[in-house]
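The values are calculated or read from the model by the stated rules, or taken from the named source; none is laboratory data. All of these numbers come straight from a predicted model, not from anything done at the bench. Ideal geometry is used to build each Cβ from the backbone, glycine not excepted, and the neighbour counts take in all protein chains shown.
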Amino acid sequence: MRGRAVLALVALAVLLVPLVAPAYHVLLMLPFMAYAVVLLGLNLLFGSAGLVSFGHALFIGVGAYTGAVLTTHTPVRSLEVILLAAALLGVVAAALVGALCVRYVKIYFGMLTLAFGMVFYTFLLKFYRLTGGDEGMRVLRPSLLGQSLDAMPKTEYLAGPYYYYSFAVLVVAACVMWRIVHSPFGLCLRTIRDNPAKAEALGLGVTRYRWYAFVISGAYAAVGGALLGPPTGNVDPTLAYWTQSGNIVFMTLLGGFASFFGPVLGAFVFIFLQDTVMSVVTYWRLIFGAILAVIVIFAPGGLMGLFARARPAEVSRA
Amino acid sequence: MILEARELTKFYGDFCALAGVSLAVDEGECVSIIGPNGAGKSTLINVLTGALRPTSGSVRFKERDVHGIGPVALVRLGMARSFQLVHIFPDLTVLETLQAAVISRLGRGTRLFAALANDRAVREGALEVAELFGLADKRYTLARHLPQGDKKLLDVASAFALRPEIILLDEPTSGISTADKASIMETLVTASRRIGLRAIILVEHDMDIVFGYSDRIIALHQGKVLADAPPARIKADRQVVDTVIGRRRGDVAPC
C-alpha cells in the first residue's frame, strides 16, 4: 500500500517536471527514461534469472540504429513504428545471440555476451555505408501518434510531447515487466537463478527459460535504445560500446537488482550524478569507480537495499 | 514393470562406479538401495534419473527407453527425485518452491503475463502438498531460513508436488536426528498413498528404515549388485551382512 502511494507520487512528480524544472533538467530526464526501459529488461535477466550480461549495449545499438536507418533511409517517421521495429529486431538479435550465450553461466555467459557486443560495435564502426562509421547517423525527428511535429522548436518538442511519450512508453514497459516478473514464468526464472539443478529435477527446462528471458531483455534494450536517438538527433557506435554495457550493469547495481524499481532508480541517480560530477571534474569515472566500489562492499543491495533495510523486510505473499 | 535398468556401467575416467548393474522395479514396490560409501548408489540414482549418462547399458521407464533423455523429459514422463545433499531454492519461500513444482506439472511455466497470485490451481496444489508435509505453517518462510530437517522435507515435498508415478529418494533422512527419521518416513508413506505413487526407490543408510519400509532390498558393492531380495532374505544373507550392513552398524545383527 505504501509502495503504491510512493509510486503514484513519483509518477506525479515526473509528469510535473516539464512544467516546473528548467529545460536542461527536463532534457536529462529523456535518457533516464530510455535507460529505465533498458534496465527493466536487463533486470529480468540479472535479478530474476541471475545472469549478468556485459553485452546488452548491443541491443541498445540495434534499437538506436533502427530509428536512425528508418528515419533517414525510409519514409517511416512514426515513433510507434520505430519502437515496434526496434522491439522486433531486438527479439531477432537476442534470439540468435541468446541461443548461444544461455548455454553458459556466470563468467562464461558474461564474457560471451561481451564478445558479441564487441563484434556488433565493430560492425557499426566498419560498415560505413550502412551505419556511417564512427560519425554515426542522424535520427530525424519522429512523428508521435501520427502527429508530425517538425514545426515545433527542438527543445519544446523534446521537453513537451517527446517527454510525455517517453514516459508513457516507460509506464507501459514497467507494467508489462511487472506482470512478467509476477507470472508463473517469473517464478520459474527465480528457481533457475537459485538452483538450476533442482529446477531441472522439477522438470523446468533451464536453458529454454533463460533464453526466453534473454530475448525479452533484448527487446526491452532495443526499445530503450530507440528512445535514446531522437533527443540528440544522432546515434553513433559508442552507444553499443562495451563501456555502455558496463554502465547499465552499474546502474542496476547502484539502484539494487533485488528490487523491481531498483534499476530505474539507479538509472535516474546515474544520469543526474554523472551530469553533476562531469560539470565539476573531468574525471567522472574516477568518482564513479569509487562509488561502485563502495556499493559492492557496503551496500550490495544498492540504494533500494538501503531503503529496505530501514524498514522491516517484507516477505512476498504471492 | 515400471523401471528397468540393464547392464549399467559408468566410468569416471578409469574409476568404475557401476560395473553392470541390472534391476527392475514393479508396480507398488518400495525398493531400497543399500551399500557402503562408494558402492555406486548415488551414481545409480543419477543415471536412473537422467542426470548422468551411463557409459553403457539401458534404462527403460514405463516400457520406454529413457537413456539420455535428461531430467526434464523424465519428469514429464512421471519420474521425480530428491537429492542426498539438500537442494532447495534459498531465496524462495516454501510456498513458492511448491508452486514452481505445480507450475511445472501443469505446464504453465511459459505463462508470461498471467498473475501467479491469481492462479488458484497452482496455489491450491502447492498448499495441499505443504499440508501433507507439515510445512503449511511455514509457507511464507524463505527456504534458507528453514531448519535443516525442514529443508530436507521441502526438497522431498517439491518432488511429490510433481505427482510423479515413481520417485527416487536419495537419502531422505540423512542429516536428520534419529528421533525425527521415523516421522519423516511416516509422512512420506502417507504422502505416497495420497498422490497415488506407483513405486519408490530409496537410497538409505539407516538400516531400521530400510528394513522397516522396503519390499525389496538391492545391496550394491563396488559397483555391482551383491544381492537383490526381500528384507528377510537380505538379513539372512551372511555375505551382505558382512560387507554392507555389518560394517556400517552393530545394531542390526543377523537374526
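Table for the structure above
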{"item": "Residues of segment A:207-233 satisfying the condition of being closer than 21 Å to A:ASN195 by Cα and of a type in the set (Val, Ile, Thr)", "result": "A:THR207"}
{"item": "Total residues in segment B:106-115, condition free of Cβ contacts under 8 Å to residues at least 12 places away in the same chain and more than 7 Å from chain A (Cβ to nearest Cβ)", "result": "1"}
{"item": "Options B:ASP14, B:ASP26; residue that is of a type in the set (D, E, K, R), over 23 Å from B:ILE218 (Cα atoms) and more than 9 Å from chain A (Cβ to nearest Cβ)", "result": "B:ASP14"}
{"item": "Selection within segment A:202-237 - in contact with an Asp or Glu (Cβ under 9 Å, 6 or more places away or on another chain) and without any contact (Cβ under 8 Å) to a residue 60 or more places away in the chain", "result": "A:VAL206"}
{"item": "Segments classed as helices (runs of 4 or more DSSP H), wholly inside segment A:146-252, with at least 1 members that are more than 14 Å from the chain's Cα centre (by Cα) and within 14 Å of another protein chain (Cβ to nearest Cβ)", "result": "A:163-181, A:184-194, A:196-201, A:206-232"}
{"item": "Number of positions in segment A:7-26 that are closer than 30 Å to A:PHE214 by Cα and buried (at least 18 other Cβ atoms within 10 Å of the Cβ)", "result": "1"}
{"item": "Residue within segment B:151-159 that is within 24 Å of B:MET1 (Cα to Cα), buried (at least 23 other Cβ atoms within 10 Å of the Cβ) and at the interface with chain A (Cβ under 9 Å from one of its Cβ atoms) present", "result": "yes"}
{"item": "Test: residue in segment B:133-142 that is touching a Lys or Arg at 6+ places or on another chain (Cβ under 9 Å), closer than 24 Å to B:ASP208 by Cα and touching a residue at least 12 places away in the same chain (Cβ under 8 Å)", "result": "no"}
{"item": "Total residues in segment B:51-87, condition closer than 20 Å to B:LEU18 by Cα and not polar (S, T, N, Q)", "result": "17"}
{"item": "Criterion violated by B:LEU226 - all others in (1) assigned to a strand (DSSP E or B); (2) surrounded by 19 or more Cβ atoms within 10 Å (Cβ to Cβ) satisfied", "result": "(2)"}
{"item": "Residue count for segment A:112-129, restricted to those that are surrounded by fewer than 14 Cβ atoms within 10 Å (Cβ to Cβ) and aliphatic (A, V, I, L, M)", "result": "1"}
{"item": "The one condition in (1) outside any loop (DSSP other than H, G, I, E, B); (2) under 15 Å from B:CYS30 (Cβ atoms); (3) touching a residue at least 24 places away in the same chain (Cβ under 8 Å) that B:LYS152 fails to fulfil", "result": "(2)"}
{"item": "Filter result (more than 11 Å from every other protein chain (Cβ to nearest Cβ), part of a loop (DSSP other than H, G, I, E, B) and not aliphatic (A, V, I, L, M)) within segment B:53-105", "result": "B:ARG53, B:PRO54, B:THR55, B:LYS62, B:GLU63, B:HIS67, B:GLY68, B:GLN84"}
{"item": "Conditions (1) among the charged types (D, E, K, R); (2) closer than 30 Å to B:ARG108 by Cα; (3) surrounded by fewer than 23 Cβ atoms within 10 Å (Cβ to Cβ): number failed by B:ARG81", "result": "(3)"}
{"item": "Residue match in segment A:50-62 (condition: modelled with pLDDT of 95 or more, farther than 24 Å from A:GLY256 by Cβ, β-branched (Val, Ile, Thr) and more than 15 Å from the chain's Cα centre (by Cα))", "result": "no"}
{"item": "Number of positions in segment A:1-55 that are closer than 30 Å to A:TRP242 by Cα, of a type in the set (A, V, I, L, M, F, W, C) and part of a loop (DSSP other than H, G, I, E, B)", "result": "4"}
{"item": "Test: residue in segment B:116-136 that is surrounded by fewer than 16 Cβ atoms within 10 Å (Cβ to Cβ), farther than 30 Å from B:ILE34 by Cβ, polar (S, T, N, Q) and more than 9 Å from chain A (Cβ to nearest Cβ)", "result": "yes"}
{"item": "From the options B:SER158, B:SER192, B:SER104, B:SER174, residue that is closer than 24 Å to B:LEU48 by Cβ, in contact with an Asp or Glu (Cβ under 9 Å, 6 or more places away or on another chain) and of a type in the set (Gly, Ala, Ser)", "result": "B:SER174"}
{"item": "Candidates B:GLY28, B:GLY20, B:GLY40 - the one that is in contact (Cβ under 8 Å) with a residue 60 or more places away in the chain, surrounded by fewer than 16 Cβ atoms within 10 Å (Cβ to Cβ) and under 16 Å from the mean Cα position of the chain (by Cα)", "result": "B:GLY28"}
{"item": "Subset of segment A:50-97 [farther than 30 Å from B:LEU92 by Cβ and of a type in the set (Phe, Trp, Tyr)]", "result": "A:TYR65"}
